[in-house]
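> I have a structure here, written as structure tokens, and I will follow up with some questions on it.
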Ligand code: GAL
């Protein structure tokens, strides 16, 4: 359907750029173009992840033109490397380049994209350094390479640039700048060729959605994955775990799955991948007993094989020549290693009912992981393996569950481009609450999910503030692996914490539908304000901050917003941080209403709020519809039928696509799902006019009684 064509490089190539290369362009889907230059390596992010475009989703989107001047995309070879250059206009801001923790605006940055733990600075080394960026002008670019990539995100100025700034005399001219305007995003790819993709918008959100759909669409977690989860302390025994679950029930706290941390295995770390007979004498009995209580189990592990693991001898030929904590490193790009490692997990855990994993240490810290001089039996370099190890782990473990027609939802510490569709949420060991929210914002540009997990806190206030954020995130989790904390560990805020956990459960129909939109439409369920229409227009240009370290490209920079975000189609969430009683919230253009009361709060303005301790500010767009379920202690099961309260906010007529399926299997891939359209508006007689499309025979239907509630009172 789409044609291939090659264009010659048409830029002024007057002898100085002897290595200019032809780029072969091919339109591969609606609004998606592939550019190929030189001899791209066969092992890349897409081959490692096995990502397959979700064409049905992409083809429902508009078919815009190529979103930039194609002839301004340039490539050169030098020194065995490929130099790529993409045009950049003066007013553009850039977002993405992976899971950043401290900054949202990326224009003016120099980064080296490298899978690693986050080391305290946004320098390209992060858990998911996805080589994808999106521009405020409404397009995206993805470099499909499994190499460490150097990025100059609008920093270099070419001698013969069409838009070259004028050289100034510092002696006399006060407007002289140490970082003059740059009109290009440049990449250094250490390979003799590469393929890359350009995604059209026209809005930044559509460019992101296309990227996500191109990578298979977002994961659809099982309903239970969106409930509450507690990770217990290391070395817990089966008995301790049973007791912990019982206390949740006694105290009336919701709980869908428990995570076991190091200690369930006979050896860790390196790991044996088999149960410890002392702490877990009857694994099958234990897992069955937990499942009977409706509680799933998620197991921590890392992939490094202990010399005492039952698979050690067999897997050894398929491992690297270096070790991690003296454990063998499976070459997970090889079928033999995949089958041995994941076969062991299947046999020992998945087959007896374990529901998922937390794959730790697949990201980095150079002193822990393999050095770049390590060799792997497949012949892939240590660098390629480092960039893709998180992808490989997610891919082959997801496959284990897919084969069983059973959905999973787990945790992973490393990912990369191509990983959008994996049912895994990223976490780390860092613990700055503010930066955790910035990561949540940036996850929407990186095709990954992120949880601002709660571990321990200095005060009850901090505990509550963190809990209030995590319930508005992809995974509502306490990770007590070291602290042993429980939701009720700070008695002075126990009730408020419980209220938040219960709110999470009541919002299940909303969260679930929003994840379905991630899967079918590529729209990230938790996302940056910059992806919201009407957001940038009202913002003032930030002219005060001329510190070039913080604000490297002053001209294009409006104030960076990294402490509020969108949750699903209609909600704006503004977390509170310990020690603060007041904060400002930027409301995009359009009317906004208080989530809890339905009151009008503002329109295209900055408000200052003092929400008290019990709540964090959450606002709903005009016409917003939030479907709410009952206050369950566990997510509904496949055949449960539940009452639904449809909350309607504001004045404008509203509509909503409510998703439904069995919540557990992959039958939705074969059409066993339904989006039911809800419509609500205020009637002239003062009553609500409501409608929901009928259930369809043969399609799932988990709805029982449906009621509507107008949250905003209409003034006469
Ligand atoms: C860390 C991980 C923690 C916890 C711990 C257990 O690497 O980030 O969340 O699982 O290992 O040893």
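> Rounded to whole Å and sorted largest first, list the principal axis extents of the Cα atoms in the range 408-498.
Here the Cα extents, ordered largest to smallest, are 44, 24, 21 Å.
> When a footprinting reagent is the concern and you count Cβ atoms within 10 Å, what order do 626, 166, 646, 692 take, fewest first?
Ordered by Cβ neighbours within 10 Å, fewest first: 166, 692, 646, 626.
> List, largest first, the extents of the alpha carbons of the range 174-274 along their principal axes, each in whole Å.
Dimensions of the range 174-274 along the principal axes of its Cα atoms: 67, 40, 35 Å.
> Thinking of the range 213-336 as a set of Cα atoms, what percent of all their pairs are more than 21 Å apart?
Percentage above 21 Å: 51.
> Let me ask something else about it. Could you state the principal axis extents of the C-alpha atoms in the chain, from the largest down, to the nearest angstrom?
If we take the Cα atoms of the chain, the spans are 78, 77, 53 Å.
> If you don't mind, another one. Given the C-alpha centroids of the range 34-109 and the range 282-342, what is the distance between them in whole angstrom?
35
> Which number comes out as Rg/Rh for the range 348-457 once both Rg and the Kirkwood Rh are worked out on C-alpha atoms?
Here Rg/Rh amounts to 0.99.
> Write down the radius of gyration of the range 625-710 and its Dmax, each obtained from C-alpha positions, in Å.
For the range 625-710, the Cα radius of gyration and maximum Cα-Cα distance read 14.1, 45 Å.
> Can you tell me the relative contact order of the range 198-356? Whole percent, Cα pairs under 8 Å, sequence separation 6 or more.
It rounds to 18 percent for the range 198-356.
> Same structure again: Which log10 I(q)/I(0) values does the range 37-87 give at q = 0.17, 0.29, 0.32 Å⁻¹ under the Debye formula, counting every alpha carbon as one identical point scatterer?
-0.89, -1.00, -1.07
> To the nearest 500 deg cm²/dmol, what mean residue ellipticity at 222 nm is calculated for the chain from DSSP H runs of n ≥ 4 alone, each contributing -39,500 (n - 2.57), summed and divided by the residues?
About -6000 deg cm²/dmol.
> Right, another one. Rounded to the nearest 5, what % of DSSP beta bridges with both residues in the range 262-408 are antiparallel?
55
> Among bridges DSSP assigns within the chain, what percent are antiparallel (round to 5)?
75
> On to the next question. Go from 0 up to the bin containing the longest alpha carbon distance in the range 262-408, width 5 Å each, and give me the % of pairs per bin.
The calculated distribution, bin by bin, is 2, 10, 20, 23, 20, 13, 8, 4, 1, 0.
> Using only C-alpha positions, report the orientation-averaged shadow area of the convex hull of the range 563-678, nm², one decimal.
So the mean shadow area of the Cα hull is 9.0 nm².
> Please give the Cα centre distance for the range 135-152 versus the range 442-511, rounded to the nearest Å.
Cα centroid to Cα centroid, the span is 32 Å.
> Can I ask one more? Antiparallel versus total DSSP beta bridges in the range 28-142: what percent is that, nearest 5?
That works out to approximately 85 percent antiparallel.
> I would also like to ask the following. Just the ratio, please: alpha-carbon radius of gyration of the range 125-218 over 2.2 N^0.38 Å, N its number of residues.
Cα-based Rg divided by the globular estimate yields 1.36.
> Given Cα pairs under 8 Å that are at least 6 residues apart, what percent is the relative contact order of the chain?
13
> In percent, how large is the relative contact order of the range 398-493, given Cα pairs closer than 8 Å and 6 or more residues apart?
Relative CO of the range 398-493 lands at 21 percent.
> Rg over Rh of the range 192-231, using C-alpha atoms and the Kirkwood radius, what does it come to?
1.23
The numbers here are math on the coordinates, done by the rules we state, and not lab data. Here the structure is a predicted model, which is why all the values come from computation and not from measurement. In this analysis, Cβ positions are derived from the backbone assuming ideal geometry, glycine residues included, and neighbour counts consider all displayed protein chains.
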